[in-house]
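The values are calculated or read from the model by the stated rules, or taken from the named source; none is laboratory data. As the structure is a prediction and not an experimental result, all values here were calculated from the model. In this analysis, Cβ positions are derived from the backbone assuming ideal geometry, glycine residues included, and neighbour counts consider all displayed protein chains.
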Amino acid sequence: MIEPLARLLAPENLKGITTRPLPELRDLRIQCSEVEDDISLVRRVAQGRLDIVGHEVRRRAGDAPNDAPQSLLYDLPDLLADAPRTGQVGRGRPVAVGEPGPVAAELVDRLDRAVSPSHLAGIDQIPESELREIFERLRSFELELSSVRHQLHERIDAIQSEIGRRYRDGEASIESLLS
């Protein structure tokens, strides 16, 4: 696992959350959010590739509206639209698109090993069995990212809850932020 991610997801990372200094909690929340942004960005790229491969699988099965290989070009706007996916409720959390961090770089390398953009450029030439293997690799990768992202959300929520509790209980004040 990628070091910053492993460190943030370590169970001991949230131990003592009620006694850690507020600046440390804020810093931890920022770190979790930055890594979550990286994961969200790469997950979206993986979903796009998964959609492209899935389209080709459906096209070959005769389930695509147009069975010509070029139909992908016509269907790309719909495939890559920011619409809810099967089983997804609502549109989800907006993904911040900023400068990708080191976690994104490592994850993109892993994604490219699963299937590179240049490999996808010749998707109509990929044998059926390989296409299905690519689909499964992408699906597994996307599910892994989704799980990690969920774990980070839980940590961010726990940290935010503790910060909020301190303000609510008077252990921290807005004035201390301004000084």
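Quick check, is R49 surrounded by 11 or more Cβ atoms within 10 Å (Cβ to Cβ), in contact with a helix residue (DSSP H, G or I) (Cβ under 6 Å, 6 or more places away or on another chain), outside any loop (DSSP other than H, G, I, E, B) and at pLDDT 95 or above?
Numbers: surrounded by 11 or more Cβ atoms within 10 Å (Cβ to Cβ): yes; in contact with a helix residue (DSSP H, G or I) (Cβ under 6 Å, 6 or more places away or on another chain): yes; outside any loop (DSSP other than H, G, I, E, B): yes; at pLDDT 95 or above: no.
Answer is no for this residue.
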Exercise for the section: Scan L131, L111, L120 and give me the residue that is within 21 Å of D37 (Cβ to Cβ) and of a type in the set (A, V, I, L, M, F, W, C). Expected result: L111
Fill in the blank from the handout: For the stretch 116-138, the count of residues that are outside any helix (DSSP H, G or I) and among the hydrophobic types (A, V, I, L, M, F, W, C) equals 1
Fill in the blank from the handout: Residues in the stretch 16-36 that are out of contact with any helix residue (DSSP H, G or I) (no Cβ under 7 Å at 6 or more places or on another chain) and either aliphatic (A, V, I, L, M) or farther than 18 Å from R168 by Cα (or both) total 5
Problem - Among (1) buried (at least 17 other Cβ atoms within 10 Å of the Cβ); (2) at pLDDT below 65; (3) closer than 24 Å to I156 by Cα, the one test that D38 misses - result: (2)
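I'd like the full set of residues that are of a type in the set (A, V, I, L, M, F, W, C) and at pLDDT below 90, limited to the stretch 1-13.
M1, I2
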Exercise for the section: Give the stretch 131-175 a look and list any residue that's closer than 20 Å to R29 by Cβ and among the basic types (K, R), or say none. Expected result: R149, R155, R165, R166, R168
Handout entry: Extreme residue, surrounded by the most Cβ atoms within 10 Å (Cβ to Cβ), among residues of the stretch 122-179 that are β-branched (V, I, T) and in contact (Cβ under 8 Å) with a residue 60 or more places away in the chain
Key = I159
Fill in the blank from the handout: Of the conditions (1) modelled with pLDDT of 65 or more; (2) assigned to a loop (DSSP other than H, G, I, E, B); (3) not small (G, A, S), the single one that D82 does not satisfy is (1)
